[in-house]
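Engineer: Mind having a look at this structure? Questions to follow.
The values are calculated or read from the model by the stated rules, or taken from the named source; none is laboratory data. Source: prediction; values computed, not measured. Positions of Cβ are backbone-derived with ideal geometry, glycine not excepted, and every protein chain shown enters the neighbour counts. The protein model used for the area step is the full one, side chains on, heavy atoms only, and it has no ligands, DNA or RNA in it. Shrake-Rupley method; radii C 1.70, N 1.55, O 1.52, S 1.80 Å.
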Protein chains: 2
Amino acid sequence: MMSSVTQDRPYSQTLTRLREAGLRPTRQRLALGRLLFDGGDRHVTAEALHEEAQAAGVSVSLATVYNTLHQFTEAQLLREVVVDSARTYFDTNVSDHHHFFLENSGSLMDIDGDKIAVTGLPQAPEGTDVARVDVIVRLHGAPRQAS
Amino acid sequence: MMSSVTQDRPYSQTLTRLREAGLRPTRQRLALGRLLFDGGDRHVTAEALHEEAQAAGVSVSLATVYNTLHQFTEAQLLREVVVDSARTYFDTNVSDHHHFFLENSGSLMDIDGDKIAVTGLPQAPEGTDVARVDVIVRLHGAPRQAS
DNA sequence: TCAACAACTTAGAACGATTCTAAAATTGAG
DNA sequence: CTCAATTTTAGAATCGTTCTAAGTTGTTGA
């Protein structure tokens, strides 16, 4: 089933994705969608994506970038990652996975969901459901090198 | 060794702790320290602690609450918990442990560090050290109850 | 004891990320 | 093409947090 649906082209079929999410394929959404989904998994902040769009010659306001990121998140095309109270990251990898977070540079790296196992979790308190389990491995750059 | 040093009284020896941390025991720091350390583990935000202090008749500015929380954190009397990009939580439990986070109410609950095991972690990228591994179990209130 | 200086507190301004507003522009349907 | 609904946008507003500069307090040592 669904043989190579997402593999057919190196491109993201952003148009289709937007349609399926019930979002009008506007110039801005298409451009941002392509920046986000063409080529590998990405972790972006609103500011960063905005700058990237500008640099690519796409004129989008910062407000629209925020709107779009949130709409994409609701549509499950993105996932929010909370690792730093100063900024919000959006992750194009929406599968079950975790993160390395390099505190020096503020960069994120995915850790495959089925590489890690979390065992011994107490059951969730009465009346609550587990929505998600996040594992964040915080890293510090180790400037010193054993020469 | 250190038999019951931290158990002798239900009180926090805040004065001693401040001295050891090289922080002058000012009226404000003592009051905040007592609110934080007398009685069980706590998770507070700056705003919340500020209100609590006011309610307790302690006059402290919000700026001082922020300063104090950061100084306590540097002194290892507190630990920052990042779970919500909108606010910063400070945890009086500085031992190795993890958290349940109730997204509805914004409340945190500790999960003992030795109850949980995280296995299969890939090794940290070249040139980096693991500073900490955080496990956050995000919960949603389940209003519906099987009657 | 108390002077003197460093450490500390504070009000309010400043800040940076994010959200809101309301008005203008675009989109899709017919 | 027209029109209504949706989307975009500039700029104002908000919110948590940090900064600033001035006043206060704690400590030290004569």
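Engineer: Report the local net charge at B:Ala31: Lys and Arg +1, Asp and Glu -1, summed over other residues whose C-beta lies under 13 Å from its C-beta.
Structural biologist: Cβ neighbours under 13 Å give a net charge of +1.
Engineer: Taking GluC sites (Glu not before Pro) that fall in a DSSP loop and have at most 15 other Cβ atoms within 10 Å as cut points, what is the longest piece of chain B between them?
Structural biologist: That gives B:1-102 as the longest site-free run.
Engineer: Between A:Leu15 and A:Ser95, 0.36 nm times their residue separation minus their Cα-Cα distance comes to what?
Structural biologist: Stretched fully, the A:Leu15-A:Ser95 segment lengthens by 26.7 nm.
Engineer: Something else: So how exposed is A:Ser95, as accessible area in Å² (1.4 Å probe, rounded to 10)?
Structural biologist: Surface accessible to solvent at A:Ser95 totals approximately 60 Å².
Engineer: Once you list every other residue whose beta carbon is under 14 Å from the beta carbon of B:Asp110, what net charge do they have if Lys and Arg are +1 and Asp and Glu are -1?
Structural biologist: -3
Engineer: Follow-up. Quick one: which residues, 5 or more positions from A:Arg132 or on another chain, have an amide H under 5 Å from its amide H? H modelled 1.01 Å from N in the peptide plane, none for Pro or chain starts.
Structural biologist: B:Arg138
Engineer: Here is a follow-up. Could you tell me the relative contact order of chain A? Use alpha-carbon pairs under 8 Å, at least six residues apart, and round to a whole percent.
Structural biologist: Worked out over chain A, it gives 17 percent.
Engineer: If you restrict to DSSP beta bridges whose two residues both lie in chain B, what percentage is antiparallel, to the nearest 5?
Structural biologist: So the antiparallel bridges amount to about 75 percent of the total.
Engineer: Let me ask something else. Work out, in µm²/s and without decimals, the Stokes-Einstein translational diffusion coefficient of segment B:95-139 at 37 °C, 0.692 mPa s, Rh from Kirkwood over C-alpha pairs.
Structural biologist: D, rounded to a whole number, is 269 µm²/s.
Engineer: Assigning unit charges at the beta carbon (Lys, Arg +1; Asp, Glu -1) and nothing else, what dipole magnitude in debye, to the nearest 20, does segment B:85-147 show about its Cα centre?
Structural biologist: My answer is approximately 400 debye.
Engineer: Hey, another quick one. Taking Cα atoms, how many degrees apart are the long axis of helix A:27-37 and the longest axis of chain A, rounded to 10 and kept between 0 and 90?
Structural biologist: The two axes meet at around 40 degrees.
Engineer: Antiparallel versus total DSSP beta bridges in segment A:95-139: what percent is that, nearest 5?
Structural biologist: For segment A:95-139, the DSSP antiparallel bridge percentage is about 60.
Engineer: Using the Karplus curve 6.51 cos²θ - 1.76 cosθ + 1.60 with θ = phi - 60°, work out ³J(HN,Hα) for each residue of segment B:72-86 in order, rounded to whole Hz, and write x for Gly and Pro.
Structural biologist: Karplus values, whole Hz, x for Gly and Pro: 4, 5, 4, 7, 6, 8, 9, 9, 7, 10, 9, 9, 9, 5, 7.
Engineer: Here is a follow-up. Among A:His50, A:Gly120, A:Phe101, pick out the residue whose Cα is farthest towards the positive end of the charge dipole of chain A, where Lys and Arg carry +1 and Asp and Glu carry -1 on C-beta, about the Cα centre.
Structural biologist: Positive-most Cα among the choices belongs to A:His50.
Engineer: I've got another one for you. What does the structure give for A:112-121 when I average, per residue, the other chain Cβ atoms found within 10 Å of the residue Cβ?
Structural biologist: 5
Engineer: In terms of modelled amide H atoms, which long-range or inter-chain residues lie less than 5 Å from the amide H of B:Thr88?
Structural biologist: The answer is B:Ala46.
Engineer: What is the set of long-range amide H partners of A:Leu78 at a cut-off below 5 Å, with H atoms built 1.01 Å from backbone N?
Structural biologist: Counting only residues 5 or more places away or on other chains, the set is A:Thr73.
Engineer: Let me ask something additional. What is the magnitude of the charge dipole of chain B about its Cα centre, with +1 placed on the Cβ of each Lys and Arg, -1 on the Cβ of each Asp and Glu, and no other charges, expressed in debye to the nearest 20?
Structural biologist: The calculation lands at about 500 debye.
Engineer: Roughly what would the spin-label model give for A:Ala55 and A:Asp38, points 7 Å off Cα along C-beta, in nm?
Structural biologist: 1.5
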